[in-house]
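Written below as structure tokens is the structure these notes are about.
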2 protein chains.
Amino acid sequence: MKAVFFGSGNLATHLSLALQAKGVEIVQVYSRTRSNARILAEALNSNYTSDLAEIDKSADIYFYALKDSYFLKLLERYELPDAIHVHTAGSISMNYFKGRAANYGVFYPLQTFSKKKEIDFSKIPVCIEASSPEVQEKLTELAGLLTPKVYNISSEQRKKLHLAAVFACNFTNYMYDIAYEILEDAGLGFEIIQPLINETAEKVKTIVPYEAQTGPAVRFDETTISRHLTLLRRSYDLRKIYRLLSKSIYKRHK
Amino acid sequence: MKAVFFGSGNLATHLSLALQAKGVEIVQVYSRTRSNARILAEALNSNYTSDLAEIDKSADIYFYALKDSYFLKLLERYELPDAIHVHTAGSISMNYFKGRAANYGVFYPLQTFSKKKEIDFSKIPVCIEASSPEVQEKLTELAGLLTPKVYNISSEQRKKLHLAAVFACNFTNYMYDIAYEILEDAGLGFEIIQPLINETAEKVKTIVPYEAQTGPAVRFDETTISRHLTLLRRSYDLRKIYRLLSKSIYKRHK
């Protein structure tokens with residue numbers, strides 16, 4: 001199977017390398033920025049281009065792992081070769097391909113990718129959506145090369161899944177970031193809190209998050225809450241976040 | 001070594017059972033609520049009471065694992081036996097014992113405890129503070145029975161550590177809770193997002209949270225952000241949380 005990759009960011013990099021490792025031939029990488037296309041193409045030992053007119057038309061499948069707004073612009077400016085076309089975005093409906101390609105779908109790995117961090121794809125759910133049963137079968141097979149966790153997810157579900165992921169990953173990481181800053185201010189290293197971070201993530205495997213909730217907000221411990229707000233006196237933003245989340249937790253549990 | 005436990009909540013339960021398993025003799029459990037004292041005492045095969053006048057005075061160490069406000073009230077109403085007295089609270093200064101006991105300290109396990117979930121104490125940091133080098137040595141030894149991760153932490157540091165833990169654990173769990181609700185609304189099970197939760201927690205072992213930040217807020221992807229706010233239209237609170245956290249992430253990274 002031959003594939004072309006649009007994009008050279010974190011997701012494009014991890015996904016193309018993982019597919020190549022499973023025998024998919026990545027023939028070309030496209031990026032608006034020629035030097036970025038080249039870096040990924042060198043890792044894959046493939047061709048690369050930053051010119052839409054030069055897109056290789058011989059591939060079986062085209063992956064679009066681009067920033068959402070750029071992906072939508074690109075679709076307007078380029079005639080899609082006769083093949084399967086899939087995007088990898090959480091928030092974009094499959095139907096943007098309609099009328100532009102006969103066979104299309106979505107190939108959405110639910111994970112957070114950083115260039116510096118290796119990823120074990122076998123633990124990552126891949127969410128599939130397809131324009132026909134035939135395409136669905138092909139995408140399921142392709143995803144199955146990477147992981148046993150293949151889900152059929154509609155565009156509507158995927159949008160909500162992506163929103164849930166913003167809370168469970170992006171906002172959660174920001175909570176870690178704030179904790180990091182507070183510890184640094186106390187002259188403490190981040191590693192002291194790592195076991196707590198792990199246990200918090202582990203716990204919700206066996207207890208639903210609602211029941212796992214602990215802390216001053218859920219028991220409405222005003223003394224502790226006001227002490228914490230005093231400690232945060234130098235940061236208006238953090239006080240606002242602390243107050244809003246505490247109030248919201250309390251409301252949910254009272 | 002003989003110990004008395006004040007409290008019968010999650011922390012008191014896990015800690016007393018773990019210490020008993022390492023050979024500490026728990027002679028008595030106190031709780032305001034007699035039936036709660038009894039439940040824990042039965043698990044420990046120890047005595048119990050809900051009457052401060054009946055506190056066993058023969059113990060070597062007294063643990064106070066109580067709600068903060070109740071602990072402070074209790075100190076006023078009760079004469080401390082001649083022994084070591086330690087509380088287990090994140091936000092309370094060691095000095096509340098001053099003038100009431102000769103030997104005292106803090107024994108603060110940095111973890112989230114739920115009654116339903118077993119805890120492996122060997123992975124939990126225990127933060128120690130003591131009124132004298134002798135008490136410090138004893139507490140370090142005691143903590144060392146449970147875990148290799150024993151830290152000497154001052155009251156000032158511990159307050160900040162506890163605040164950091166509210167972000168890294170309590171608020172993080174609330175992010176999971178919100179994700180759970182969104183997935184439920186989409187007809188999806190929570191297990192689809194578990195690998196993402198794990199990876200988010202794992203990632204910050206090798207990359208600092210600031211660098212690990214991903215998502216629409218950090219790249220200021222307005223299209224996605226406004227789509228997400230539309231999906232959250234039915235909940236004023238969640239929209240407010242989404243907006244505040246996104247804005248704050250963006251400000252931190254721009």
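The values are calculated or read from the model by the stated rules, or taken from the named source; none is laboratory data. Keep in mind the model is a prediction, meaning the values are calculated, not measured. All Cβ positions, even for glycine, are placed from backbone atoms using ideal geometry, and neighbour counts span all protein chains on display. These area figures cover heavy atoms from the full protein model, side chains too; ligands, DNA and RNA do not enter into them. Shrake-Rupley method; radii C 1.70, N 1.55, O 1.52, S 1.80 Å.
Summary of values
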| item | result |
| --- | --- |
| Residue in the range A:197-207 that is nearest to B:Ala89 (Cα to Cα), counting only those that are open to solvent by 10 Å² or more (accessible area, probe 1.4 Å) and of a type outside the set (D, E, K, R) | A:Asn198 |
| Any hit, the range A:67-75, residues being surrounded by fewer than 16 Cβ atoms within 10 Å (Cβ to Cβ), over 30 Å from B:Leu183 (Cα atoms) and in contact with a Ser or Thr (Cβ under 9 Å, 6 or more places away or on another chain) | no |
| All positions within the range A:2-23 that are open to solvent by 70 Å² or more (accessible area, probe 1.4 Å) and at positive phi | none |
| Sole exception among (1) within 20 Å of B:Thr224 (Cβ to Cβ); (2) touching a residue at least 24 places away in the same chain (Cβ under 8 Å) for A:Glu76, by number | (2) |
| Among the residues listed as B:Tyr70, B:Tyr30, the single one being at negative phi and modelled with pLDDT of 95 or more | B:Tyr30 |
| Count - residues of the range B:68-84 that are among the hydroxyl-bearing types (Ser, Thr, Tyr) and under 21 Å from the mean Cα position of the chain (by Cα) | 2 |
| Residues (out of contact with any Lys or Arg (no Cβ under 8 Å at 6 or more places or on another chain) and in a loop (DSSP other than H, G, I, E, B)) located in the range A:25-55 | A:Ser31, A:Arg32, A:Thr33, A:Asn45, A:Ser46, A:Asp51, A:Ile55 |
| Total residues in the range A:211-253, condition closer than 24 Å to A:Ala201 by Cα and of a type in the set (Lys, Arg) | 5 |
| Restricting the range B:24-43 to residues that are touching a strand residue (DSSP E or B) at 6+ places or on another chain (Cβ under 6 Å) and among the hydrophobic types (A, V, I, L, M, F, W, C), the residue that is surrounded by the most Cβ atoms within 10 Å (Cβ to Cβ) | B:Val29 |
| Residue tally, condition within 7 Å of chain B (Cβ to nearest Cβ) and assigned to a helix (DSSP H, G or I), over the range A:197-207 | 6 |
| Entirely in the range A:208-254, the helices (runs of 4 or more DSSP H) that have 1 or more residues that are in contact (Cβ under 8 Å) with a residue 60 or more places away in the chain and open to solvent by less than 10 Å² (accessible area, probe 1.4 Å) | A:236-253 |
| Any hit, the range B:106-113, residues being of a type in the set (S, T, N, Q) and within 19 Å of the chain's Cα centre (by Cα) | yes |
| Unmet requirement for A:Phe220, which otherwise passes all of (1) more than 16 Å from B:Ser91 (Cβ to Cβ); (2) of a type outside the set (A, V, I, L, M); (3) more than 7 Å from chain B (Cβ to nearest Cβ) | (1) |
| Subset of the range A:30-58 [over 18 Å from A:Leu75 (Cβ atoms) and β-branched (Val, Ile, Thr)] | A:Thr33, A:Ile39 |
| Helices (runs of 4 or more DSSP H) wholly inside the range B:97-196 that include at least 1 residues being closer than 30 Å to A:Ala164 by Cα and either more than 7 Å from every other protein chain (Cβ to nearest Cβ) or open to solvent by 20 Å² or more (accessible area, probe 1.4 Å) (or both) | B:155-165, B:172-185 |
| The range A:2-24, residues that are assigned to a strand (DSSP E or B) and closer than 15 Å to A:Leu142 by Cα | A:Lys2, A:Ala3, A:Val4, A:Phe5 |
| Residue in the range A:234-246 that is of a type in the set (Ser, Thr, Tyr) and within 29 Å of the chain's Cα centre (by Cα) present | yes |
| Verdict on A:Arg233 being more than 19 Å from A:Thr172 (Cα to Cα), basic (Lys, Arg) and more than 7 Å from chain B (Cβ to nearest Cβ) | yes |
